[in-house]
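Structure record follows, encoded as structure tokens.
A short reminder: the numbers here are calculations on the coordinates, not readings from a lab. Everything numeric here is computed off the predicted structure, so don't read it as measured data. When we count neighbours, we look across all protein chains shown, and the Cβ atoms used for this are built from the backbone with ideal geometry, even at glycine.
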Amino acid sequence: GDSVTQMEGPVTLSEEAFLTINCTYTATGYPSLFWYVQYPGEGLQLLLKATKADDKGSNKGFEATYRKETTSFHLEKGSVQVSDSAVYFCALDFTGGGNKLTFGTGTQLKVEL
Amino acid sequence: DTGVSQDPRHKITKRGQNVTFRCDPISEHNRLYWYRQTLGQGPEFLTYFQNEAQLEKSRLLSDRFSAERPKGSFSTLEIQRTEQGDSAMYLCASSDRGQGVDQPQHFGDGTRLSIL
């Protein structure tokens, strides 16, 4: 079945450091890919998405590129802030977001001053 | 846009009791989803509705789990005869499917279930 694999956390960075959170997927066909973020005490929020190969999703300084050849969707940010501390989830589905999402296990990011 | 609302935020109950959770989606959204999230894991899909029709329920964890959306607005998730393993966060999400295009899901803050 479909699955998503994320790098394990926690990832601890200093403020202004470069961030990469790896995400790879296994799926039949070509899914849509998403990054969701969960801040402490809050619900999941959509961070960015990409619906086809080579698409780049971006939001709030975060970027991820849909790589079909490596079945990956790595999340990057050039300069993290303390306020980026949260749990990040990679997810996929086949209908652009309208059907059941398959999530990875999440990666906790801690950003320190 | 008032967001997806879930009630209660936290439910504590004894093993063997029945529990019911409520979800109010974003008002113009016609799709509603239920997920379960256990500690250290990502959300796991359970079931979803388009308006009042339950389009998939094969992922409900057992016949003790059931969900309804009787008028195509709010939804309830019921767990009968709760067990220790049911302790988890139960998440609701909603989305809009208009003109054949699916929009991303918006999540509520969840209901945390604790079984004593």
Please list the radius of gyration and Dmax for chain B, considering alpha-carbon atoms only, with Å as the unit. 13.7, 46
Pair B:GLN17, A:THR105: separation of 7 Å Cα→Cβ label points (nm): 3.2 nm
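In debye, nearest 20: dipole of the protein assembly as shown around its Cα centre with unit charges on the Cβ of K, R (+) and D, E (-)?
On the way: 24 positive and 28 negative charges, 131 e Å.
The calculated dipole for the protein assembly as shown is roughly 620 debye.
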Inter-chain shielding metric for A:81-91, i.e. average beta-carbon neighbours from other chains within 10 angstrom, reads 1
Proximal charge balance of B:ALA53 [Cβ under 14 Å; K/R count +1, D/E count -1]: +2
With label points built 7 Å along Cα→Cβ from the Cα atoms of B:ASP7 and B:ARG59, find their separation and express it in nm. 2.7 nm
Checking every Cys Cβ in the protein assembly as shown against the others at 4.7 Å leaves as unpaired none
Given the options A:LEU19, A:GLY41, A:GLY1, identify the residue whose Cα lies farthest towards the positive end of the charge dipole of chain A (+1 on Cβ of Lys, Arg; -1 on Cβ of Asp, Glu). A:GLY1
For peptide B:36-43, the mean count of other chain Cβ atoms within 10 Å per residue Cβ is 5
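Within 10 Å of each Cβ in A:29-36, how many Cβ atoms from other chains are there, averaged over the peptide? Don't jump to the answer; show the numbers that get you there.
Working: counts 0, 0, 0, 2, 0, 2, 0, 5.
For peptide A:29-36, the averaged partner shielding equals 1.
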Under 14 Å, Cβ to Cβ, from A:GLN81 - net charge with Lys/Arg +1 and Asp/Glu -1: -1
Check the protein assembly as shown and count each lysine pair with an alpha-carbon distance under 16 angstrom, considering only pairs eight or more places apart or from different chains. 10
Highest first, please rank the peptides B:16-29, B:34-47, B:52-65, B:85-98 by the mean number of other Cβ atoms sitting within 10 Å of their residues. B:85-98, B:34-47, B:16-29, B:52-65
Derived scalar couplings ³J(HN,Hα) [the range B:2-13; Karplus, 6.51 cos²θ - 1.76 cosθ + 1.60; whole Hz; x for Gly, Pro]: 8, x, 7, 10, 10, 9, x, 7, 9, 10, 10, 8
